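Take a look at the structure below.
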Amino acid sequence: MKCARFCLIGFALIIMVRAGAPLVSAEEVERVRWDISSVPCLGPGGTYPCTLIPQGSATAFAADCSLNLGCSFITMTGSGTFQVPRNGASARRVTGGGTWQVSASCAQIPFPPPGPPAPDCVGGVISQGTFVVTELLHWQKSEPLELAACEPSECLTTDQIGNLKQATGGLAILRVAYSDGTTGVVTLACNGLPDPPQVAEGITATKGVKLSNFAVPGINVPPLPADFKTSEVLVPVLFWFAGPDIYPVEFHVE
């Protein structure tokens, strides 16, 4: 009898908690589509008319590119969606993914300051595969891409991804799972037309990559022993410098 009384009280408390919990309706959810895209602008000097095209690619560079030791970079494609409750609740749904390829270049590096070919550098594809998005870590919307004050004849833009009126700048941070068993974080950034230059455009990514560890005088400080044996190890690489791609990320918000 005592058990039945406590069970009944517990059940009643559960009903009260559920009844008091805020419900998020479909109208209160912000649905966002992201695309790694290409946006050719065919006017003089790269001005209008422009076209938003899906299925583009974006590149981000690693730290070695600034040391004239070769240049490692990741190239990604992809698209997907995520949902964020407008009230800031933590319930989030994600879809999508794409492809990745980690490569190295030994020629003139596409990173300031440019330098000569790196000594003892081995270029080419290091690894490649696919990725899926597993979680949305952060989303912040910025300025729109279409401006009411901009006449269509002056700012002619064709949107082959979605509705141009829903296109916006913003920043999304996604947790991803790579097909080689590693995980990481991908940041997608889109600069809206009125955004200041501090708002980034492009991608950055973290990924575990199998690379040879390093023993080069003047680079390892303090220096490693002369007989230090190098080996290939899985190391965490931050591809932190967004490449020179023109508008490689687009967001559309419902």
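Quick notes on this structure:
- In segment 232-249, the residues that are touching a residue at least 60 places away in the same chain (Cβ under 8 Å) and more than 15 Å from T187 (Cβ to Cβ): P244, I246, Y247
- The number of residues in segment 117-132 being exposed (fewer than 14 other Cβ atoms within 10 Å of the Cβ), farther than 17 Å from E232 by Cβ and either at pLDDT 75 or above or touching a helix residue (DSSP H, G or I) at 6+ places or on another chain (Cβ under 7 Å) (or both) comes to 1.
- Qualifying residue in segment 133-149 (condition: in a loop (DSSP other than H, G, I, E, B), within 18 Å of T168 (Cβ to Cβ), among the acidic types (D, E) and at pLDDT below 90): yes
- Every residue from segment 208-254 that is acidic (D, E), at pLDDT 80 or above and either farther than 30 Å from P85 by Cα or part of a loop (DSSP other than H, G, I, E, B) (or both): D227, E232, E254
- Residues in segment 33-77 that are farther than 22 Å from T95 by Cβ, in contact with a Ser or Thr (Cβ under 9 Å, 6 or more places away or on another chain) and hydrophobic (A, V, I, L, M, F, W, C): V39, C41, L42, C50, A60, F61, A62, A63, C65, C71, F73.
- Any hit, segment 170-182, residues being within 23 Å of R92 (Cα to Cα), crowded, with 18+ Cβ neighbours inside 10 Å and among the hydroxyl-bearing types (S, T, Y): yes
- Extreme residue, farthest from Q83 (Cα to Cα), among residues of segment 133-164 that are β-branched (V, I, T) and crowded, with 16+ Cβ neighbours inside 10 Å: T157
- Hey, A167 surrounded by 16 or more Cβ atoms within 10 Å (Cβ to Cβ) and within 16 Å of the chain's Cα centre (by Cα) or not: no
- When G170 is tested against (1) modelled with pLDDT of 90 or more; (2) within 30 Å of C71 (Cβ to Cβ); (3) assigned to a loop (DSSP other than H, G, I, E, B), exactly one condition is not met: (3).
- Of all residues in segment 170-187 being in contact with a Leu (Cβ under 7 Å, 6 or more places away or on another chain) and in contact (Cβ under 8 Å) with a residue 60 or more places away in the chain, the one that is farthest from G129 (Cα to Cα): A172
- In segment 183-199, of all residues being buried (at least 17 other Cβ atoms within 10 Å of the Cβ) and within 13 Å of the chain's Cα centre (by Cα), the one that is farthest from T99 (Cα to Cα) corresponds to C190.
- Restricting segment 48-88 to residues that are touching a strand residue (DSSP E or B) at 6+ places or on another chain (Cβ under 6 Å) and hydroxyl-bearing (S, T, Y), the residue that is farthest from S127 (Cα to Cα) is T51.
- Subset of segment 204-228 [within 13 Å of V102 (Cα to Cα) and not hydroxyl-bearing (S, T, Y)]: A205, K207, G208, V209, K210, L211
The values are calculated or read from the model by the stated rules, or taken from the named source; none is laboratory data. Since this is a predicted model, take the numbers as computed values, not measurements. Note: ideal-geometry Cβ built from the backbone for every residue, glycine included; neighbour counts use all protein chains shown.
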